[in-house]
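First comes the structure, then the notes that go with it.
The values are calculated or read from the model by the stated rules, or taken from the named source; none is laboratory data. What you are looking at is a predicted structure, and each value in this text was computed from that prediction instead of being measured. Cβ coordinates were reconstructed from backbone atoms using ideal geometry, including for glycine residues, and neighbour counts include every protein chain displayed.
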Amino acid sequence: MKSIIVFLILGISFLSSTAQEIAYSKPGHHDLLFGGRYDIIGKLNDNFLVYKDIRSKHLISIYDNEMKLKEDVNLKFIPSNVISVEFVNCFDRVDVIYQFQKRNVFYCMAAAIDGDGTIIQEPIQLDTSHIKFLADLKLYHVSSSEDRSKIMVYKIDKGDFYTGNGLFRFTTLLFTESLELIHKSQIQSFFETEKDLFSDFLVDNDGNFVFAKGTKLETTDLFEHLVLVTKGPTENTFNIHTLDLSGNLLDGVDLKIDNLNKNYLINSLYYKKRNGYKEGPYTAIWSEIGDSLLAKNFFSFASTSSLNYFYLRNVILTKDGGFIVAAEDLGIQGHYLFPWPENFIFSSARYVFSSIRFLSSSFYKNVVILYFDNKAHLKWSNEIIKSQTGRIPSFAVINTGNSLHFLFNEIERQTEIMKEQTLSSDGDLSNKTPLSNLDLNYQLEIRGKQVSSTETIFPCVFKGYICFAKLKY
């Protein structure tokens, strides 16, 4: 029997047949397809902000509600030798966190701008590190809480380089949204550089630093041991919570923070033995308030071999403490390097400390959708039938409050067309249909960013130029 779900992002009710509105920006002369790097920052004061790194010029493009360019703002405070620039949209301001190296000192700096790109906080120094080599990889990483009240800047050193002991050493700096330091800690861990893999590193609304750590089974990327690691806002030690896997092996982990219900959710797909089939999903719910395991479940499907090429893609929280899991079939043809999991692409911290797995696939097929209640019980499932080639990510999920919209590109008459299927709050899927009001002169890329309960910004390609489209439900 299907349960009614209320999604975390609350919005006005929409019918799946409601036409979408799409507005496209016009490309500027500098917006060549391979001419720079782009980052969708979000919506601020009815403006849409996009960062562009073009030939060492750091621009914030300000678009209006119709995606017409209002202004390109040059962030002149960012130095030419910058290694990375990250943005935290705090709803009434954007914190700009960047890092660079000068001689043997690595600097982590921050400034703030408003919705018009105007500097409202001049650059300040967040932290420095002394190093003995020239680095081209970022040293500091950034995570922000869901309500943007907390910003965590952290650094993870490989201990074998500094001390020869092969253990990771953590430095964490917790800030308010206005970049006031709450607490700094330095922790020597017992995590081994050769054996351990990590989930995303997250911070909750209370300022707790949270991540999951798995210990690899020999030379595989399967986890035979798993712990949840937490650190309070002003603590200087890690709290280690061992999660009993009952002899099962996990294929990576996805960690989510449920701030509304004060829980941490861990999801994976699992094997019973090393050379066996994937049995089904593993889920665990840890209570922040009770500091204890609320629920765990190893769910086994009847036909386990059918899951062998499925990989976890998305976990979407529901207001009642439940969650929706989406896993995708990657097929069995072709070859490419695939980082696990998909959000690994956007998380440089995991890119440094997790491995890249070689998979035999360049096809993206069906998506299985599973709903679990707040006791980790599977309540219903559904499936999106699709066939795609060659892109990561292969689909996007837009949450409009009462439904989830799954968007993906498929070839139709030798043209890529973005299609959607809508998952209702009771688990029903609509028919697969192309998006309304598409302009086929623009090729929409799936790497979009939802900027409000009804609006998502997608990059798109127009005659060899990068531009942006706003999709509104």
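Here's the yes/no breakdown for (1) buried (at least 16 other Cβ atoms within 10 Å of the Cβ); (2) at pLDDT 95 or above; (3) within 19 Å of K278 (Cα to Cα):
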| position | (1), (2), (3) |
| --- | --- |
| I316 | yes, yes, no |
| F323 | yes, yes, no |
| W340 | yes, no, yes |
| S347 | yes, no, no |
| I356 | no, no, no |
| S362 | yes, no, no |
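For E235, are the conditions met, namely being free of Cβ contacts under 8 Å to residues at least 40 places away in the same chain and of a type in the set (D, E)? Answer is no for this residue. Residue count for region 318-332 satisfying the condition of being in a strand (DSSP E or B) and either aromatic (F, W, Y) or out of contact with any strand residue (DSSP E or B) (no Cβ under 8 Å at 6 or more places or on another chain) (or both): 1. Applying the condition of being surrounded by 17 or more Cβ atoms within 10 Å (Cβ to Cβ) and of a type in the set (G, A, S) to region 429-473 and asking which residue is farthest from E66 (Cα to Cα) yields G448. Might you let me know whether region 421-435 holds any residue that is under 20 Å from the mean Cα position of the chain (by Cα) and modelled with pLDDT under 95? The answer is no, given that none of the residues of region 421-435 is under 20 Å from the mean Cα position of the chain (by Cα) and modelled with pLDDT under 95. Can you find even one residue in region 408-419 that is farther than 26 Å from Y465 by Cα and either of a type outside the set (S, T, Y) or buried (at least 20 other Cβ atoms within 10 Å of the Cβ) (or both)? Within region 408-419, not a single residue is farther than 26 Å from Y465 by Cα and either of a type outside the set (S, T, Y) or buried (at least 20 other Cβ atoms within 10 Å of the Cβ) (or both). Comparison of I151, I156, I120, I113 shows that the only residue that is surrounded by fewer than 20 Cβ atoms within 10 Å (Cβ to Cβ) and of a type in the set (A, V, I, L, M, F, W, C) is I120.
Go through region 386-420 and give me each residue that's aliphatic (A, V, I, L, M), over 24 Å from the mean Cα position of the chain (by Cα) and part of a loop (DSSP other than H, G, I, E, B). Result: no residue meets the conditions.
Of L255, L245, L260, L228, all but one fail to be in contact with a Leu (Cβ under 7 Å, 6 or more places away or on another chain), without any contact (Cβ under 8 Å) to a residue 60 or more places away in the chain and in a loop (DSSP other than H, G, I, E, B); the exception is L245. When region 28-70 is filtered for residues that are buried (at least 17 other Cβ atoms within 10 Å of the Cβ), polar (S, T, N, Q) and farther than 17 Å from K472 by Cα, only S61 remains. Name the single residue, out of those in region 216-234 being farther than 18 Å from N267 by Cβ and in contact with a His (Cβ under 8 Å, 6 or more places away or on another chain), that is surrounded by the most Cβ atoms within 10 Å (Cβ to Cβ). My answer is P233. Of the strands (runs of 3 or more DSSP E) lying entirely inside region 103-146, those containing at least 2 residues that are of a type in the set (D, E, K, R) and in contact (Cβ under 8 Å) with a residue 40 or more places away in the chain are 119-130. Here A284, A212, A295 are screened, and the one residue that is out of contact with any Lys or Arg (no Cβ under 8 Å at 6 or more places or on another chain), among the hydrophobic types (A, V, I, L, M, F, W, C), surrounded by 15 or more Cβ atoms within 10 Å (Cβ to Cβ) and in a strand (DSSP E or B) is A212. Do we have any residue at all in region 71-80 that's within 19 Å of K470 (Cβ to Cβ) and either of a type in the set (D, E, K, R) or in contact (Cβ under 8 Å) with a residue 60 or more places away in the chain (or both)? Yes, region 71-80 contains a residue that is within 19 Å of K470 (Cβ to Cβ) and either of a type in the set (D, E, K, R) or in contact (Cβ under 8 Å) with a residue 60 or more places away in the chain (or both). Please go through region 375-415 and give me each residue that is among the β-branched types (V, I, T) and in contact (Cβ under 8 Å) with a residue 60 or more places away in the chain, ordered by number. Matches in region 375-415: V397, I398, T400.
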